Amino acid sequence: MSAVPATGGDNGHGPRHVAIIMDGNGRWARRRHLPRVLGHQRGVEAVRRTVRAAAELGLSALTLYAFSTENWRRPEDEVAALMGLLKHFIQTDLEEFARNGIRLKVIGDTSAFAPDIIAVIDHARARTAANTGMVMTVALNYGSRDEIARAARAAAAKGAITVDSIAAELDTADLPPLDLIIRTSGEVRLSNFLMWQAAYAEMLFLDVLWPDFGHDHLAEAIAEYVRRERRFGGR
Ligand code: IPE
Ligand code: IPE
Ligand code: MG
(Lines give C-alpha, C1' and ligand atoms only; values in the text may rest on other atoms or scores of the structure.)
(Ligands and ions follow the chains in the order given, each with its own letter.)
Protein backbone atom coordinates (compact mmCIF):
# COMPACT_ATOMS: atom_id res chain seq x y z
CA MET A 1 0.00 0.00 0.00
CA SER A 2 1.49 3.36 -0.96
CA ALA A 3 1.03 6.12 1.57
CA VAL A 4 -0.70 9.37 0.69
CA PRO A 5 1.61 12.32 1.39
CA ALA A 6 0.32 14.72 4.00
CA THR A 7 1.59 17.81 2.20
CA GLY A 8 1.66 18.90 -1.41
CA GLY A 9 0.39 21.24 -4.10
CA ASP A 10 -3.24 21.11 -3.10
CA ASN A 11 -2.65 22.74 0.27
CA GLY A 12 -1.86 19.31 1.60
CA HIS A 13 -5.41 18.05 1.24
CA GLY A 14 -6.36 14.86 -0.47
CA PRO A 15 -9.38 14.91 -2.76
CA ARG A 16 -12.81 14.62 -1.26
CA HIS A 17 -14.62 13.68 -4.44
CA VAL A 18 -13.10 11.39 -7.08
CA ALA A 19 -14.90 10.26 -10.22
CA ILE A 20 -13.80 7.41 -12.46
CA ILE A 21 -14.50 6.62 -16.10
CA MET A 22 -14.18 2.86 -15.87
CA ASP A 23 -13.01 2.05 -19.39
CA GLY A 24 -11.22 -0.88 -21.03
CA ASN A 25 -13.25 -3.97 -20.11
CA GLY A 26 -13.63 -4.95 -23.76
CA ARG A 27 -9.93 -4.59 -24.52
CA TRP A 28 -9.03 -6.52 -21.38
CA ALA A 29 -11.13 -9.44 -22.64
CA ARG A 30 -9.98 -9.16 -26.27
CA ARG A 31 -6.34 -9.37 -25.25
CA ARG A 32 -7.12 -12.68 -23.59
CA HIS A 33 -9.32 -13.94 -26.44
CA LEU A 34 -12.27 -13.97 -24.03
CA PRO A 35 -15.84 -12.76 -24.59
CA ARG A 36 -16.42 -9.08 -23.74
CA VAL A 37 -18.83 -10.00 -20.98
CA LEU A 38 -15.96 -11.62 -19.06
CA GLY A 39 -14.20 -8.28 -19.18
CA HIS A 40 -17.29 -6.68 -17.71
CA GLN A 41 -17.43 -9.38 -15.01
CA ARG A 42 -13.84 -8.67 -14.05
CA GLY A 43 -14.72 -4.98 -14.20
CA VAL A 44 -17.27 -5.54 -11.43
CA GLU A 45 -14.52 -7.03 -9.27
CA ALA A 46 -12.48 -3.88 -9.88
CA VAL A 47 -15.49 -1.81 -8.76
CA ARG A 48 -15.64 -3.83 -5.54
CA ARG A 49 -11.91 -3.32 -4.86
CA THR A 50 -12.13 0.36 -5.70
CA VAL A 51 -15.10 1.09 -3.44
CA ARG A 52 -13.32 -0.61 -0.53
CA ALA A 53 -10.12 1.29 -1.29
CA ALA A 54 -11.91 4.63 -1.64
CA ALA A 55 -13.56 4.25 1.75
CA GLU A 56 -10.27 3.13 3.31
CA LEU A 57 -8.39 6.05 1.73
CA GLY A 58 -10.89 8.46 3.25
CA LEU A 59 -12.80 9.82 0.25
CA SER A 60 -16.12 11.52 0.96
CA ALA A 61 -17.50 10.73 -2.47
CA LEU A 62 -16.68 8.27 -5.23
CA THR A 63 -18.56 8.60 -8.51
CA LEU A 64 -18.38 5.78 -11.05
CA TYR A 65 -19.41 5.97 -14.72
CA ALA A 66 -21.10 2.65 -15.30
CA PHE A 67 -23.43 3.24 -18.27
CA SER A 68 -23.63 6.26 -20.53
CA THR A 69 -26.57 7.63 -22.49
CA GLU A 70 -24.60 6.51 -25.57
CA ASN A 71 -23.96 2.94 -24.36
CA TRP A 72 -27.43 1.93 -25.60
CA ARG A 73 -25.77 1.87 -29.03
CA ARG A 74 -24.03 -1.36 -28.10
CA PRO A 75 -25.41 -4.73 -29.19
CA GLU A 76 -28.51 -5.80 -27.28
CA ASP A 77 -26.82 -8.80 -25.69
CA GLU A 78 -23.99 -6.65 -24.28
CA VAL A 79 -26.46 -4.13 -22.85
CA ALA A 80 -28.44 -6.99 -21.30
CA ALA A 81 -25.25 -8.47 -19.81
CA LEU A 82 -24.30 -5.08 -18.29
CA MET A 83 -27.79 -4.70 -16.77
CA GLY A 84 -27.58 -8.22 -15.35
CA LEU A 85 -24.17 -7.53 -13.81
CA LEU A 86 -25.40 -4.26 -12.32
CA LYS A 87 -28.39 -5.93 -10.70
CA HIS A 88 -26.29 -8.82 -9.39
CA PHE A 89 -23.60 -6.49 -8.05
CA ILE A 90 -26.07 -4.37 -6.07
CA GLN A 91 -27.73 -7.48 -4.68
CA THR A 92 -24.50 -9.18 -3.60
CA ASP A 93 -22.67 -6.12 -2.28
CA LEU A 94 -25.43 -4.01 -0.77
CA GLU A 95 -25.07 -5.40 2.75
CA GLU A 96 -21.32 -4.74 2.82
CA PHE A 97 -21.89 -1.15 1.72
CA ALA A 98 -24.65 -0.72 4.25
CA ARG A 99 -22.49 -2.12 7.06
CA ASN A 100 -19.64 0.20 6.13
CA GLY A 101 -21.80 3.31 6.27
CA ILE A 102 -21.72 3.86 2.50
CA ARG A 103 -24.67 5.69 0.94
CA LEU A 104 -25.61 4.65 -2.56
CA LYS A 105 -26.63 7.36 -4.98
CA VAL A 106 -27.52 7.09 -8.65
CA ILE A 107 -27.18 9.86 -11.23
CA GLY A 108 -28.59 9.83 -14.73
CA ASP A 109 -32.02 8.97 -16.05
CA THR A 110 -32.87 5.53 -14.72
CA SER A 111 -36.49 5.73 -15.90
CA ALA A 112 -35.30 4.01 -19.08
CA PHE A 113 -34.33 0.85 -17.18
CA ALA A 114 -36.38 -2.31 -16.74
CA PRO A 115 -38.68 -2.36 -13.67
CA ASP A 116 -36.66 -5.09 -11.91
CA ILE A 117 -33.47 -3.00 -12.16
CA ILE A 118 -35.28 0.14 -10.96
CA ALA A 119 -36.64 -1.82 -7.99
CA VAL A 120 -33.17 -3.06 -7.01
CA ILE A 121 -31.74 0.47 -7.27
CA ASP A 122 -34.61 1.97 -5.24
CA HIS A 123 -34.19 -0.68 -2.55
CA ALA A 124 -30.43 -0.06 -2.35
CA ARG A 125 -30.97 3.70 -2.09
CA ALA A 126 -33.54 3.27 0.67
CA ARG A 127 -31.40 0.71 2.54
CA THR A 128 -28.40 3.08 2.67
CA ALA A 129 -30.23 6.43 2.84
CA ALA A 130 -29.42 7.06 6.51
CA ASN A 131 -25.71 6.25 6.12
CA THR A 132 -23.29 9.06 6.74
CA GLY A 133 -20.04 7.60 5.39
CA MET A 134 -18.74 7.77 1.83
CA VAL A 135 -21.27 8.46 -0.90
CA MET A 136 -20.88 6.00 -3.75
CA THR A 137 -22.55 7.43 -6.82
CA VAL A 138 -23.17 5.25 -9.83
CA ALA A 139 -23.81 7.02 -13.12
CA LEU A 140 -26.43 5.04 -15.03
CA ASN A 141 -27.90 6.12 -18.34
CA TYR A 142 -25.93 9.24 -17.52
CA GLY A 143 -24.76 11.89 -19.97
CA SER A 144 -23.56 15.37 -19.09
CA ARG A 145 -25.48 16.98 -21.91
CA ASP A 146 -28.69 15.33 -20.74
CA GLU A 147 -27.94 16.32 -17.13
CA ILE A 148 -27.25 19.96 -18.01
CA ALA A 149 -30.37 20.16 -20.20
CA ARG A 150 -32.49 18.70 -17.37
CA ALA A 151 -30.91 21.08 -14.85
CA ALA A 152 -31.48 24.11 -17.09
CA ARG A 153 -35.13 23.14 -17.57
CA ALA A 154 -35.59 22.77 -13.81
CA ALA A 155 -33.84 26.07 -13.15
CA ALA A 156 -35.96 27.86 -15.77
CA ALA A 157 -39.14 26.49 -14.21
CA LYS A 158 -38.15 28.13 -10.92
CA GLY A 159 -36.84 31.45 -12.20
CA ALA A 160 -33.65 32.90 -13.63
CA ILE A 161 -31.14 30.69 -15.42
CA THR A 162 -27.77 31.43 -13.84
CA VAL A 163 -24.62 29.42 -13.20
CA ASP A 164 -25.73 28.91 -9.61
CA SER A 165 -29.34 28.02 -10.43
CA ILE A 166 -28.21 25.40 -12.96
CA ALA A 167 -25.57 24.03 -10.58
CA ALA A 168 -28.21 23.65 -7.89
CA GLU A 169 -30.26 21.39 -10.17
CA LEU A 170 -27.44 19.10 -11.31
CA ASP A 171 -27.66 15.44 -10.30
CA THR A 172 -24.52 15.98 -8.21
CA ALA A 173 -25.75 19.11 -6.39
CA ASP A 174 -25.59 17.41 -2.98
CA LEU A 175 -22.03 16.06 -3.46
CA PRO A 176 -18.77 17.82 -2.61
CA PRO A 177 -17.17 19.63 -5.57
CA LEU A 178 -15.45 17.27 -7.98
CA ASP A 179 -11.71 17.21 -7.29
CA LEU A 180 -10.32 14.50 -9.55
CA ILE A 181 -11.44 12.56 -12.62
CA ILE A 182 -9.61 9.35 -13.46
CA ARG A 183 -10.05 7.56 -16.77
CA THR A 184 -8.60 4.13 -17.34
CA SER A 185 -7.75 2.41 -20.65
CA GLY A 186 -5.56 5.15 -22.11
CA GLU A 187 -8.35 7.06 -23.87
CA VAL A 188 -8.05 10.80 -23.29
CA ARG A 189 -11.62 12.09 -23.41
CA LEU A 190 -14.59 12.67 -21.11
CA SER A 191 -17.19 10.80 -23.20
CA ASN A 192 -20.01 13.00 -21.87
CA PHE A 193 -19.12 12.50 -18.18
CA LEU A 194 -19.42 15.30 -15.58
CA MET A 195 -18.50 18.03 -18.07
CA TRP A 196 -19.91 20.84 -15.96
CA GLN A 197 -18.39 19.50 -12.73
CA ALA A 198 -15.03 18.97 -14.46
CA ALA A 199 -14.55 22.71 -15.13
CA TYR A 200 -11.75 22.88 -12.54
CA ALA A 201 -11.27 19.23 -11.62
CA GLU A 202 -7.86 17.64 -11.97
CA MET A 203 -7.70 14.88 -14.57
CA LEU A 204 -5.68 11.72 -14.72
CA PHE A 205 -5.61 9.39 -17.69
CA LEU A 206 -4.14 6.00 -16.89
CA ASP A 207 -2.98 3.26 -19.25
CA VAL A 208 -4.32 0.52 -17.00
CA LEU A 209 -7.44 -1.30 -18.23
CA TRP A 210 -10.36 -1.11 -15.81
CA PRO A 211 -10.41 -4.82 -14.79
CA ASP A 212 -6.79 -4.42 -13.62
CA PHE A 213 -7.51 -1.31 -11.50
CA GLY A 214 -7.28 -1.57 -7.73
CA HIS A 215 -6.30 -0.04 -4.41
CA ASP A 216 -2.76 0.92 -5.37
CA HIS A 217 -3.85 2.71 -8.56
CA LEU A 218 -6.32 4.77 -6.55
CA ALA A 219 -3.79 5.49 -3.82
CA GLU A 220 -1.23 6.60 -6.44
CA ALA A 221 -3.85 8.77 -8.19
CA ILE A 222 -4.62 10.48 -4.88
CA ALA A 223 -0.92 11.01 -4.28
CA GLU A 224 -0.60 12.56 -7.76
CA TYR A 225 -3.58 14.83 -7.01
CA VAL A 226 -1.95 16.00 -3.80
CA ARG A 227 1.21 16.90 -5.76
CA ARG A 228 -0.73 19.14 -8.14
CA GLU A 229 -1.41 22.80 -7.63
CA ARG A 230 -4.97 23.96 -8.24
CA ARG A 231 -5.41 27.62 -9.08
CA PHE A 232 -9.06 28.08 -10.10
CA GLY A 233 -8.01 30.95 -12.34
CA GLY A 234 -6.26 32.85 -9.57
CA ARG A 235 -2.53 33.20 -9.03
C1 IPE B 1 -16.10 0.06 -20.08
O2 IPE B 1 -15.44 -0.85 -20.89
C3 IPE B 1 -17.43 -0.45 -19.62
C4 IPE B 1 -18.59 0.29 -20.14
C5 IPE B 1 -18.56 1.27 -21.00
C6 IPE B 1 -19.88 -0.13 -19.64
P7 IPE B 1 -15.68 -0.94 -22.44
O8 IPE B 1 -16.72 -1.97 -22.71
O9 IPE B 1 -15.96 0.39 -23.02
O10 IPE B 1 -14.27 -1.47 -22.93
P11 IPE B 1 -13.46 -1.05 -24.22
O12 IPE B 1 -13.38 0.44 -24.23
O13 IPE B 1 -14.23 -1.58 -25.40
O14 IPE B 1 -12.14 -1.71 -24.05
C1 IPE C 1 -17.37 5.72 -21.30
O2 IPE C 1 -16.75 4.68 -21.94
C3 IPE C 1 -18.62 5.21 -20.60
C4 IPE C 1 -18.38 4.37 -19.44
C5 IPE C 1 -17.21 4.06 -18.93
C6 IPE C 1 -19.58 3.89 -18.80
P7 IPE C 1 -17.06 4.36 -23.48
O8 IPE C 1 -16.22 3.18 -23.81
O9 IPE C 1 -18.51 4.22 -23.71
O10 IPE C 1 -16.55 5.68 -24.22
P11 IPE C 1 -16.05 5.90 -25.70
O12 IPE C 1 -17.10 5.34 -26.62
O13 IPE C 1 -14.76 5.17 -25.85
O14 IPE C 1 -15.87 7.38 -25.82
MG1 MG D 1 -14.79 1.86 -23.82
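The values are calculated or read from the model by the stated rules, or taken from the named source; none is laboratory data. Given the structure is predicted, the values throughout are model-derived calculations rather than measurements. Cβ sites come from the backbone with ideal geometry, for glycine too, and all protein chains shown count toward neighbours. These accessible areas exclude ligands, DNA and RNA; they are computed on the full protein's heavy atoms, side chains included. Shrake-Rupley method; radii C 1.70, N 1.55, O 1.52, S 1.80 Å.
For segment 199-215, enumerate the residues that are within 16 Å of ligand 3 (Cβ to nearest atom) and outside any loop (DSSP other than H, G, I, E, B). Residues satisfying the conditions are PHE205, TRP210, PRO211, ASP212. If you filter segment 179-211 down to residues that are surrounded by fewer than 16 Cβ atoms within 10 Å (Cβ to Cβ) and of a type in the set (Asp, Glu), you find that the one that is nearest to ligand 2 (Cβ to nearest atom) is GLU187. Segment 16-131 holds helices (runs of 4 or more DSSP H) entirely within its bounds, and those carrying 2 or more residues that are open to solvent by less than 30 Å² (accessible area, probe 1.4 Å) and touching a residue at least 60 places away in the same chain (Cβ under 8 Å) map to 25-31, 36-56.
Pairs meeting the criteria (first residue in segment 178-197 and farther than 13 Å from THR63 by Cβ and without any contact (Cβ under 8 Å) to a residue 24 or more places away in the chain, second residue away from ligand 1 (no atom under 13 Å from the Cβ) and open to solvent by 30 Å² or more (accessible area, probe 1.4 Å), beta carbons under 8 Å, at least 6 apart or on different chains) are VAL188/PHE205.
Do the conditions hold for GLY214, that is, is it small (Gly, Ala, Ser) and touching a residue at least 40 places away in the same chain (Cβ under 8 Å)?
yes
Any residue at all in segment 162-175 that's touching a strand residue (DSSP E or B) at 6+ places or on another chain (Cβ under 7 Å) and either within 18 Å of ILE222 (Cβ to Cβ) or open to solvent by 70 Å² or more (accessible area, probe 1.4 Å) (or both)? Yes, because at least one residue in segment 162-175 is touching a strand residue (DSSP E or B) at 6+ places or on another chain (Cβ under 7 Å) and either within 18 Å of ILE222 (Cβ to Cβ) or open to solvent by 70 Å² or more (accessible area, probe 1.4 Å) (or both).
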